[in-house]
Amino acid sequence: MPPRASRLVTTLGLSLVGLWWARQRAHSKVPSPQGRWREVTEDELG
Amino acid sequence: MQALILGATGAIGRTVAAELARSTEVERLWLAGRNQARLEWLLDVLSGDPSRISAHAFDLHDGALRDRRFRELSPDLVISCAGPARQLELPCARAAVEVGASWLSSANDHVAAESIPALDAPAVAAGVTVVSGCGLSPGLTNLLVALAAQELDEVEEIEVATTRSARDPAGQAALAQLLIGLSGPAPSIADGRRISEPGPKASHLVYFPEPVGWVETFAGASPEITTLVSRWPGLRLLRWRVGLVEKPAMDALRLLAGGPWATRFANWGPAASRALQQALSAWPSAGPAWSAARVDVRGQADGRPRSVSLGVVDHLVNLTALPLVAAASELAAGRTEPGVRAPERAFEPKSLLARIGRRGVRIARLEPYLV
Ligand SMILES: NC(=O)c1ccc[n+]([C@@H]2O[C@H](COP(=O)([O-])OP(=O)(O)OC[C@H]3O[C@@H](n4cnc5c(N)ncnc54)[C@H](OP(=O)(O)O)[C@@H]3O)[C@@H](O)[C@H]2O)c1
């Protein structure tokens, strides 16, 4: 592959990985719990 | 009950077979799949009385052979765990009705679900019940929606979300179906009109029962869009979403689902499915290897707006197989009306959910923090 093309492919590849990694970081912070998941008891279903 | 299990060698089928082999309600159990060696292995593991449990290898795509086998065995219930279900569901369910057997399946293909109501008249005439899609989603999700709806005078909006971990073991058909559900437009209802969302693009965080917690989900296609609308026709909003617990694995799946090859994935063969499954489950993850579903039902109660959120959590094979087993027992007891029925219409939601809960599946209600 000519050096310019190979540089372009490398830059593109690295930017894609960078973008993906940034997305993972940004989305890895989740909000605090929305509430309490309380067991539905057998009586409630009875 | 004399039951025939299709796809008995699959992940869901094996669990259903093991449960029914132990059940005293089952007088005769036939296990069907394509692979004779795997069927023999299964028979060996179940180690049941050979006059009660036996195995039959045949391809369900071979219509003549399938119909002959159905006639010879003459079951009163056919439980299908064979998949992907798009090409199999309607012809196999019709063949079951023709031999006077009720039909119960784990099918979760939205295209197949739209074709099933055509069997209503033949099923009523034969005095049998057809319940297509009685696993997790559709299945448990329908029952949870019906349970939540009992607290409302009027149902206006329903949101259904499911999630699974890429490391929660399931079969290749389940993975292929997930890919099929994500490829192409996602049917939904917004502002009271049926629309098509453009596939898995915009993400939405959903808080599932612990230990799963928050998961990024995306719009997809699932049979609930058909079944829930026929039960609550005036809905203002109806949406189905799905996500993998592992974000990078979900990104990879969405990338695959976007390609023109995705709908043909079912025909790639087992080697490709296995490779994809291994690749997805190889992502390092700190998250729990569980699956879950959540339904949010909003409407009016006593003239005021009210919202009910219910969920379930367990491993995917349990969440799919246990509703089928509980439903089989209800069908055997003759407590269902003939015809094509969605799970929440065929069965009393509370009693079926209670049975499933007794088998260890966690059914929970969200009590939101007041912030
Ligand atoms: N409702 C839900 O929430 C839910 C959840 C999970 C799965 N599912 C559905 O349940 C089904 C089974 O999933 P799984 O995870 O158990 O998949 P799996 O392990 O790949 O099992 C598929 C089964 O179907 C059989 N099969 C496929 N094509 C067949 C044919 N032409 N003739 C005869 N048998 C055939 C396979 O037999 P061989 O072994 O011979 O190939 C195998 O026993 C799928 O349709 C999946 O989408 C639904």
Ranked output for segments B:304-311, B:181-188, B:40-47, B:7-14 by mean other Cβ atoms within 10 Å, highest leading, reads B:7-14, B:181-188, B:304-311, B:40-47
Folded to 0 to 90 degrees: helix B:316-332 orientation relative to chain B principal axis, Cα:
60 degrees
Rg in Å to one decimal, and Dmax rounded to a whole Å, for the range B:53-105 via C-alpha atoms:
10.2, 28
Test item: Cα-centred dipole of the protein assembly as shown, Lys/Arg +1 and Asp/Glu -1 on Cβ, debye:
1460 debye
Averaged over B:101-109, how many beta carbons belonging to a partner chain fall within 10 Å of each residue's beta carbon?
0
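Is the range A:4-44 rounded, prolate or oblate when judged by the Cα gyration tensor, a ≥ b ≥ c being the square roots of its eigenvalues, rounded requiring a/c under 1.5 and prolate requiring a/b larger than b/c?
Numbers: a/c = 12.92, a/b = 4.38, b/c = 2.95.
In terms of gyration-tensor shape, prolate.
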Helix B:349-358 versus the longest principal axis of chain B: what angle, 0 to 90°, nearest 10, using Cα atoms?
80 degrees
Net charge, B:Ala249 excluded, C-beta distance under 15 Å - Lys, Arg +1, Asp, Glu -1
+1
Counted charge near B:Leu366, where neighbours are those whose Cβ lies closer than 9 Å (Asp, Glu -1; Lys, Arg +1)
+2
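Based on DSSP H runs of at least 4 residues, each adding -39500 (n - 2.57), what is the mean residue ellipticity at 222 nm of the protein assembly as shown after dividing by all its residues, to the nearest 500 deg cm²/dmol?
So the calculated ellipticity at 222 nm is -12000 deg cm²/dmol.
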Could you pull the Rg and Dmax for the range B:206-257, using just the Cα atoms, both in Å?
13.6, 38
In chain B, taking the dipole from +1 charges on Lys and Arg beta carbons and -1 charges on Asp and Glu beta carbons about the Cα centre, the listed residue (B:Thr24, B:Ala113, B:Pro248) farthest towards the positive end is B:Pro248
Electrostatic dipole magnitude of chain B [Cβ: Lys, Arg +1; Asp, Glu -1; Cα centre; debye, to 20]:
460 debye
Taking only C-alpha pairs under 8 Å that are 6+ residues apart, what is the relative contact order of the range B:112-225 in percent?
22 percent
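Just order B:135-144, B:294-303 by mean Cβ neighbour count inside 10 Å, highest at the front, would you? Provide the component values of the computation, followed by the final result.
Details: B:135-144: 29.1, B:294-303: 18.2.
Result, highest mean first: B:135-144, B:294-303.
Please state the charge dipole magnitude for the range A:4-44, taken about the Cα centre, from unit charges on C-beta atoms (+1 on K and R, -1 on D and E), reported in debye and rounded to the nearest 20.
Values: 7 positive and 4 negative charges, 161 e Å.
In total the dipole reaches around 780 debye.
Rounded if a/c is under 1.5, else prolate if a/b beats b/c, else oblate: with a ≥ b ≥ c from the C-alpha gyration tensor eigenvalues square-rooted, which is the protein assembly as shown?
Values: a/c = 1.74, a/b = 1.23, b/c = 1.41.
It is oblate, given that a/c is not under 1.5 and a/b is not larger than b/c.
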Output ordering of B:348-361, B:61-74, B:207-220 (per-residue mean of other Cβ within 10 Å, highest first) is B:207-220, B:348-361, B:61-74
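Chain A: which trypsin sites (Lys or Arg not before Pro) are DSSP loop and have at most 14 other beta-carbon atoms within 10 angstrom?
Values: sites: A:Arg4, A:Arg7, A:Arg23, A:Arg25, A:Lys29, A:Arg36, A:Arg38; in loops: A:Lys29.
In loop regions of chain A (DSSP not H, G, I, E or B), the sparsely surrounded trypsin sites (Lys or Arg not before Pro) are A:Lys29.
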With A:Thr41 itself left out, Lys, Arg at +1 and Asp, Glu at -1 over residues whose Cβ is under 13 Å from its Cβ give +1
In degrees, nearest ten, helix B:140-149 long axis to first principal axis of chain B (Cα):
50 degrees
Rounded to a whole number, the mean other protein chain Cβ count within 10 angstrom for residues of A:38-46 is 6
Name the long-range amide H neighbours of B:Glu156: under 5 Å, sequence gap of 5 or more, or other chain; modelled H, no Pro or chain starts.
B:Arg298, B:Gly299, B:Gln300
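Laboratory data are not the source of any read-out in this text; all were calculated from the coordinates shown. None of these values were measured; they are calculated from a predicted model. Virtual Cβ from ideal backbone geometry, glycine too; neighbours counted across all protein chains shown.
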